[in-house]
1. Of the residues that make up the stretch 550-558, is at least one of a type outside the set (Ser, Thr, Tyr) and in contact with a His (Cβ under 8 Å, 6 or more places away or on another chain)?
2. Filter the stretch 460-500 down to the residues that are polar (S, T, N, Q) and either part of a helix (DSSP H, G or I) or modelled with pLDDT under 95 (or both), then identify the one that is nearest to the ligand (Cβ to nearest atom).
3. What pairs come out if I take residues in the stretch 15-38 that are touching a residue at least 12 places away in the same chain (Cβ under 8 Å) and within 16 Å of GLN430 (Cβ to Cβ) and pair them with residues that are assigned to a helix (DSSP H, G or I) and open to solvent by 50 Å² or more (accessible area, probe 1.4 Å) whose C-beta lies under 7 Å away, six or more apart or interchain?
4. Checking ARG527 against (1) without any contact (Cβ under 8 Å) to a residue 40 or more places away in the chain; (2) surrounded by 24 or more Cβ atoms within 10 Å (Cβ to Cβ), which single condition isn't satisfied?
5. Tell me which of these ALA521 doesn't satisfy, since it passes every other one: (1) more than 15 Å from the ligand (Cβ to nearest atom); (2) under 30 Å from VAL19 (Cα atoms); (3) open to solvent by less than 30 Å² (accessible area, probe 1.4 Å).
6. Would a scan of the stretch 413-427 turn up a residue that is touching a helix residue (DSSP H, G or I) at 6+ places or on another chain (Cβ under 9 Å), hydroxyl-bearing (Ser, Thr, Tyr) and either closer than 20 Å to GLY265 by Cα or surrounded by 24 or more Cβ atoms within 10 Å (Cβ to Cβ) (or both)?
7. Go through the stretch 501-518 and count every residue that is in contact (Cβ under 8 Å) with a residue 60 or more places away in the chain, more than 9 Å from the ligand (Cβ to nearest atom) and open to solvent by less than 20 Å² (accessible area, probe 1.4 Å).
Amino acid sequence: MTLQIKSIDEYHTEYARSVADPEGFWAEQAATFRWHKPWRQVLKWNFREPNVQWFVGGRLNITENCLDRHLETRPNQVAILWEPNDPKRKPRKITYKQLYGQVCQFANALKAQGVKKGDRVCIYMPMTPELAVAVLACARIGAIHSVVFAGFSAVSLADRIKDAQCKVVLTSDGNSRGPKNIPVKQVVDEAIALGCDSVEHVIVHQNTGDPVAMHSDRDIWWHEAIKGKRKSCKATIVDSEDMLFILYTSGSTGKPKGVVHTHGGYMVYTEYTFRNVFQYQPGEVYWCTADIGWVTGHSYIVYGPLLAGATSVMFEGIPTYPDPGRFWDVIQRHKVNIFYTAPTAIRALMAAGDTWVKGRRMPSLRVLGTVGEPINEEAWHWYNERIGKKRCPIVDTWWQTETGGILITPIAGITPLKPCYATLPLPGVQPCLVDANGNEIEGNDVEGMLCLKFPWPAILRTTYGDHERCRQTYFAAFKDKYFTGDGARRDADGMYRIIGRVDDVINVSGHRIGTAEVEDAINKTPRVVESAVVGYPHDIKGQGIYAYVIADGPVADEAAFKKSVLDTVTREIGPIAKPDKIQVVPGLPKTRSGKIMRRILRKIAEGDTSNLGDTTTLLNPEVVEEIKAGAV
Ligand code: PRX
């Protein structure tokens, strides 16, 4: 049995031990899994190159730990409980034994399509159980999955397929989300037409039944691909440090980068954190509302819960369809014990009014969680009072795509809570705050940039195909530290509150968006000369996107011009990156060296123009007044 922390005293003891003897601590956790060959060394690391390796020399397959080992103890327990978009359709319950069979069968189908260990497989699928099957089937045969959220545009999808040189793409005929049906196969076709020469095959799952064009030499239906394939498939045994998956995420500069996670450390860490943070008890129903297209879905819908032998709910739809009572309906019907969602969803449902919650009986709820962005105090209290009835601890879990799993969080029912605080680091996690000069800020009641000074098993290993970029982005800012990009405060009790990004990344509805990426997209719009994008506070989304755009001359029809900007962003990235506000400006405030003064633009976007600081040193101070006057 993996350790489950049972009291705050035990937390402190475990934490102290994890710092004094990290290798002993993690070796004990890792020993509870099925390994084909034990590791020679628990940890090898330096943050200089960086080079981090966990359970060095160990050999395993993560899916044996997600599936095979549960066949003896819980074959008929539901592993995935699927709630469809349309509440009138029947949910699907897939037991561990059935999931094992489906994963093996699809793994055999992938092999028949020529997929081998180390090959990259792009998965662009809606939230159906087959998405989870696809992920696990790749891992089963040692192929590297790269899941792309099925809301990204063809251009974004093509960028990701090319960067990872994916051999196969897995998709569906269509994606039902709320009242919409999104033709995902068509997006895949468009993406491949943009020069994805590495793609040999596309496997298409029949989901909505919508007609799709099939390319006879390239495309094959999922049901045809699995026909006659065996429901058992020997797992390919891989090295602990072999790549498990690539997941693209946005940063301050350039195109999204492929964050790489490996088998051994990721497995040990996601299981440990899942079991401890939520205090999962056997038989409980757990629901994380994320999409598997993001890291939360990877770690806490698929891997963490399945490794721990949990029943994990997977939801195809959106919180407001057919009405804003949908989440509460699902919790009631499936008797959900642990519910994990994003602050943006909580704020949207809170804004819809209490009528959707009133009359609901949700006595099954035991633990509530949030992830993805800072939660504001009002939303925290609403969640606590209206949903948790003040008897369910809220775990405000802070982590990132790069961290693989939760790092700073309360442990449900054990850590004292403080609204809006992620509270304390989990065992094995050594955070610190750093000032602008790179000096560590000691003591409490302080604020700084959040770093980690020691590796945990699920830390990213590299960015795919560009290790130097990984070093530059995360390990170069502060010597011997991993820099998160977040600012944080440590209060008088040593508890952490995440303030938000300190770089040019904005967090819109819990989605991470690089301002540079949006600017690049906007600049592709006809007549656009230059643009600058900043975040501003948004009641529901947390942050909204504010775009300042310069055109090549007077714009007669501003509405049409703005629409063309929005269309371009949708085409280049996807609807999630569409600016909420666009202001056509005559120029952008720049320093004498030509750098855009984002600080000023942020203030204007926030509607706070009282103190813009000294603007006299700007190259073009007059433009500030014009921007202020035209703010939207
Ligand atoms: O700014 C932090 C914010 O989300 C960023 C990571 O985004 P992503 O890689 O997409 O992963 C999101 C899901 C893990 C962080 O740098 N963030 C995440 N969780 C929290 C948070 N901000 C405040 N509180 C949180 N609990």
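1. no
2. Our first condition is that a residue be polar (S, T, N, Q); within the stretch 460-500, this holds for 462-463, 472-473, 484.
This time we only want the ones that are either part of a helix (DSSP H, G or I) or modelled with pLDDT under 95 (or both), so: 472-473.
Values: GLN472: 17, THR473: 12 Å.
Selected residue: THR473.
3. Final answer for the pair search is PHE25/ARG17.
4. The number of the failed condition is (2).
5. Unmet condition: (2).
6. Keep residues of the stretch 413-427 that are touching a helix residue (DSSP H, G or I) at 6+ places or on another chain (Cβ under 9 Å), which gives 414-417, 419-420, 424-427.
From what is left, the residues that are hydroxyl-bearing (Ser, Thr, Tyr) are 415.
Remaining after also requiring either closer than 20 Å to GLY265 by Cα or surrounded by 24 or more Cβ atoms within 10 Å (Cβ to Cβ) (or both): none.
Checking the stretch 413-427: not a single residue is touching a helix residue (DSSP H, G or I) at 6+ places or on another chain (Cβ under 9 Å), hydroxyl-bearing (Ser, Thr, Tyr) and either closer than 20 Å to GLY265 by Cα or surrounded by 24 or more Cβ atoms within 10 Å (Cβ to Cβ) (or both).
7. Summing the residues that are in contact (Cβ under 8 Å) with a residue 60 or more places away in the chain, more than 9 Å from the ligand (Cβ to nearest atom) and open to solvent by less than 20 Å² (accessible area, probe 1.4 Å) in the stretch 501-518 gives 5.
To keep it simple, each residue is scored yes or no on (1) farther than 30 Å from VAL505 by Cα; (2) away from the ligand (no atom under 16 Å from the Cβ); (3) open to solvent by 10 Å² or more (accessible area, probe 1.4 Å).
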residue: ARG218; (1), (2), (3): yes, yes, yes
residue: ASP242; (1), (2), (3): no, yes, yes
residue: GLY251; (1), (2), (3): no, no, no
residue: HIS263; (1), (2), (3): no, yes, no
residue: VAL268; (1), (2), (3): no, yes, no
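The values are calculated or read from the model by the stated rules, or taken from the named source; none is laboratory data. Since the structure is predicted, the reported quantities are computational estimates derived from the model, not experimental observations. Positions of Cβ are backbone-derived with ideal geometry, glycine not excepted, and every protein chain shown enters the neighbour counts. Just the protein is used for accessible areas: all its heavy atoms, side chains included, with ligands, DNA and RNA removed. Shrake-Rupley method; radii C 1.70, N 1.55, O 1.52, S 1.80 Å.
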